[in-house]
Amino acid sequence: MKIVENALSVELFNETLSILNEYSKEFCWKPNKFFWPNYLLEGLYGTVMVSLASEEYDRKFAEELKDVLPNFNKLKCIFQCFDRGAGIAVHDDLTQYKWAATLYLNFNWHVNDGGIFCWKPIDFDQDYMWKSIVPKKNLLVINDKNEKHFVTPVSPYSKEERFTLQIWAK
């Protein structure tokens, strides 16, 4: 995993939040349960709502982070809203994509809120040892080494949903 703090400029981060705010008022969200494979939902009860970013946004994102992102031919950004109880079961991304990344959009997230990103570094021999990241505003996590990972369920007591921008590259 490659980790980049303060990944977006203040301007693009604010634009990202503005788009998310606009989308929150529209009927442009799809529940993950309609199209994610069953293995991503295993053991989870919450819903992740998903909405595609515009191609214009994809281009802005790619241009701003061109010095940080691994090589790609095509990039797609997707907004995700994790409701309480939502997470993602253990999986890898690189069977379908060249690399994948997550940009965290919440301003204040506490470890007790759940929604923790966990991954198994390829150089860890022990099955019981994983690394984890608590969501942090404007933190970008890039998976370009096909490391298995998952997201713990968001706590039913979390004061807010967990918001991310997912980036998929081919």
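Quick look at the numbers
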{"item": "Among (1) surrounded by 13 or more Cβ atoms within 10 Å (Cβ to Cβ); (2) under 23 Å from Phe72 (Cα atoms) - the single one Trp130 does not satisfy", "result": "(2)"}
{"item": "Selection within region 90-137 - in a loop (DSSP other than H, G, I, E, B) and of a type in the set (Lys, Arg)", "result": "Lys98, Lys120, Lys136, Lys137"}
{"item": "Count of residues meeting criterion [out of contact with any Pro (no Cβ under 9 Å at 6 or more places or on another chain) and closer than 22 Å to Val154 by Cα] in region 17-44", "result": "19"}
{"item": "Residues of region 138-158 that turn out to be in a loop (DSSP other than H, G, I, E, B) and at negative phi, as a count", "result": "11"}
{"item": "In region 82-115, residue nearest to Ala169 (Cα to Cα) [restricted to those that are at pLDDT 95 or above and among the acidic types (Asp, Glu)]", "result": "Asp83"}
{"item": "Flag if Trp36 is aromatic (Phe, Trp, Tyr), surrounded by 14 or more Cβ atoms within 10 Å (Cβ to Cβ) and modelled with pLDDT under 95", "result": "yes"}
{"item": "Residue within region 144-151 that is under 16 Å from the mean Cα position of the chain (by Cα), crowded, with 16+ Cβ neighbours inside 10 Å, over 18 Å from Ala86 (Cα atoms) and in contact (Cβ under 8 Å) with a residue 60 or more places away in the chain present", "result": "yes"}
{"item": "Residue satisfying condition, being modelled with pLDDT of 95 or more, surrounded by fewer than 12 Cβ atoms within 10 Å (Cβ to Cβ) and within 17 Å of the chain's Cα centre (by Cα), within set Glu63, Glu11, Glu56, Glu5", "result": "Glu5"}
{"item": "Close pairs from region 55-74: first under 14 Å from Ile142 (Cβ atoms), partner in a helix (DSSP H, G or I) and of a type in the set (Val, Ile, Thr), Cβ under 9 Å, at least 6 apart", "result": "Phe61/Thr16"}
{"item": "Scan of region 159-170 for residues that are in contact with a strand residue (DSSP E or B) (Cβ under 7 Å, 6 or more places away or on another chain) and in a loop (DSSP other than H, G, I, E, B), ordered by number", "result": "Glu161"}
{"item": "Residues of region 121-141 classified as over 18 Å from the mean Cα position of the chain (by Cα) and of a type in the set (S, T, N, Q), total", "result": "1"}
{"item": "Qualifying residue in region 33-46 (condition: charged (D, E, K, R) and out of contact with any strand residue (DSSP E or B) (no Cβ under 9 Å at 6 or more places or on another chain))", "result": "no"}
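The values are calculated or read from the model by the stated rules, or taken from the named source; none is laboratory data. Only a predicted model underlies this, so the values are computations on that prediction, with no experimental measurement involved. Don't worry about glycine lacking a Cβ; one is built from the backbone with ideal geometry, like all the others, and counts go over all protein chains shown.
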